[in-house]
Amino acid sequence: MTSLANQIVLITGASSGIGEACARVLAPMGAKLLLIARRLNRLEALAAELTAQHQTPCLTRALDVRHRPAVLETLSSLPDEWAAIDVLINNAGLSRGLDRLHEADVEDWEEMIDTNLKGLLYLTRQVVPGMVARGRGHVVNMASIAGLAAYPGGSVYCASKAAVRILSDGLRQDLLGTPVRVTTLSPGMTETEFSQVRFHGDHTRAAQVYQGVIPLTGMDVAEVVLFCLTRPAHVAISEVVLMPTAQASATLVQRSPT
Ligand code: NDP
Ligand code: 8X3
């Protein structure tokens with residue numbers, strides 16, 4: 001088993017959902033958590049809770065991963081004792097809208113591509129060289145079942161997540177010969193703030209996504225992240241697809257009457 005004790009784990013999108021759940025699952029393992037998102041107040045509350053409960057060393061940083069100079073500044077100005085990042089969980093991401101491609105809002109496209117794709121790339125470019133130099137590291141990229149096949153109204157989000165999968169494959173190939181591992185996670189329907197964000201705060205529409213289904217929780221996904229991170233050094237889990245039992249694909253969901 002790979003121990004996470006005293007490992008520095010950077011989690012993007014730690015203010016909510018899957019990223020927050022990863023922090024909660026990794027804290028009792030003795031990891032040191034570098035928590036990143038735009039909503040600093042949430043990160044600070046989470047850090048205070050984890051430090052009180054598990055004595056977890058936490059460092060919080062407000063960062064919009066879309067802004068390359070800010071990513072550079074944040075990561076290059078870390079205190080020395082936080083600079084040697086062992087695990088990078090590229091989780092920050094979002095979907096905006098569920099509109100037909102030829103009718104969709106271009107601003108929504110920009111936000112998804114800039115966050116899901118370019119943000120992930122900026123973090124990776126900044127963190128992975130140190131992992132290679134130190135001869136240890138693990139990158140976990142949050143893709144989605146949306147990256148396995150398109151669904152109506154989701155083409156740009158799906159394309160961004162397909163890109164995450166392919167980028168992860170490429171990174172794995174580029175890192176061959178180093179001990180750095182790359183894991184892609186492709187979860188299905190997971191109840192977080194994801195649908196509220198997708199529908200620009202329309203709670204009724206967001207709730208309908210999970211109607212009649214028991215979705216995954218952020219903790220379900222985080223437990224899989226933990227499993228991947230703690231395999232022995234010679235075991236690299238390349239990709240995991242996980243869905244609620246009531247889901248067979250992005251478009252095939254068995255709903256019980258409510
Ligand atoms: P949430 O909306 O609950 O969490 C998204 C997180 O991403 C938040 O912490 C948010 O923080 C952060 N984030 C968004 N934009 C930025 C940005 N520009 N800079 C920094 N942080 C940002 O959704 P989930 O937890 O569900 O989503 C996490 C990941 O999982 C995403 O990549 C999503 O695509 C993926 N996913 C989700 C599934 C689902 O069904 N929920 C299924 C498959 C994959 P803040 O707003 O504070 O910046
Ligand atoms: C989120 C899952 O199917 O709503 O990535 O796109 S889905």
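The values are calculated or read from the model by the stated rules, or taken from the named source; none is laboratory data. Because the structure is predicted, anything quoted here is derived from the model rather than measured. Glycine gets a Cβ as well: all are built from the backbone with ideal geometry, and neighbour counts include every protein chain shown. Note: areas computed on protein heavy atoms with side chains; ligands, DNA, RNA excluded. Shrake-Rupley method; radii C 1.70, N 1.55, O 1.52, S 1.80 Å.
Projecting label points 7 angstrom from Cα along Cα→Cβ for Val132 and Asp105 puts them 3.9 nm apart. Measuring r between the beta carbons of Ile214 and Asp80 and using R0 = 51 Å, the FRET efficiency lands at 0.65.
Glu193 sits among other residues whose Cβ lies under 12 Å from its own Cβ, and their net charge, with Lys and Arg +1 and Asp and Glu -1, is +1. Note on Ala70 and Val235: the model spin-label points, each 7 Å out from Cα along the C-beta direction, lie 3.9 nm apart. Computed over protein heavy atoms with a 1.4 Å probe, the carbon and sulfur contribution to the accessible area of the chain reaches 55%. Close amide H partners of Thr183, meaning residues 5 or more places away or on another chain with modelled amide H under 5 Å apart, are Val139, Val140, Asn141.
Around the amide H of Lys32, modelled in the peptide plane, lie the amide H atoms of Asn6, Gln7, Ile8, Val9, all under 5 Å away and 5 or more residues distant in sequence or on another chain. Considering only Phe194, Gly212, Gln7, whose Cα is most displaced toward the positive end of the charge dipole of the chain, charges sitting on Cβ of Lys, Arg (+1) and Asp, Glu (-1)? The listed residue farthest towards the positive side: Gln7.
Within the chain, the longest run free of exposed loop sites, counting trypsin sites (Lys or Arg not before Pro) that sit outside DSSP helix and strand states (H, G, I, E, B) and have at most 16 other Cβ atoms within 10 Å, spans 101-254. For the range 8-242, the solvent-accessible area works out to 44 Å² per residue, with a probe of 1.4 Å and every protein chain left in place.
Accessible area per residue (1.4 Å probe, heavy atoms of protein chains only) ranks Ser144, Ser76 as Ser76, Ser144, with the largest value leading. Counting only DSSP beta bridges with both residues in the chain, the antiparallel share comes to about 5 percent.
Springs between Cα atoms under 10 Å define the GNM used for the chain, and in it the highest mean-square fluctuation of Asp220, Asp99, Asp80 occurs at Asp80.
Rounded to the nearest 20 debye, the dipole size of the range 87-207 about its Cα centre is 740 debye, using +1 on the Cβ of Lys and Arg and -1 on the Cβ of Asp and Glu.
One chain, two ends: Tyr151 and Ala45. Fully extended at 0.36 nm per residue, the span grows by 34.5 nm beyond their Cα-Cα distance. Helix 218-229 and the long axis of the chain differ in direction by around 40°, with both axes built from C-alpha atoms.
Restricting the GluC sites (Glu not before Pro) of the range 44-110 to loop positions (DSSP other than H, G, I, E, B) with no more than 13 neighbouring Cβ atoms within 10 Å leaves Glu103. Note on the range 8-242: with charges restricted to the Cβ of Lys and Arg (+1) and Asp and Glu (-1), its dipole about the Cα centre is near 540 debye. Multiplying the residue separation of Asn6 and Arg255 by 0.36 nm and subtracting their alpha-carbon distance yields 85.3 nm. Only Lys, Arg, Asp and Glu carry charge here, each on its Cβ (+1 for the first two, -1 for the last two); on that basis the range 1-87 has a dipole of about 280 debye about its Cα centre.
Database remark: amide H of Ser95 closer than 5 angstrom to the amide H of Arg198 (H placed geometrically; neighbours at sequence offset of 5 or more, or on other chains; Pro and chain starts carry no H). Here's the picture: a label point sits 7 Å out from the Cα of Glu193 along the beta-carbon direction, and within the range 94-133 the residues with their amide nitrogen under 17 Å of it are 94-97, 112, 115-116.
Taking Cα atoms only, the orientation of helix 40-54 departs from the longest principal axis of the chain by about 60 degrees. Ordering Val65, Leu176, Leu94 by the projection of their Cα atoms onto the charge dipole of the chain, which places +1 on the Cβ of Lys and Arg and -1 on the Cβ of Asp and Glu, puts Leu176 at the extreme positive end.
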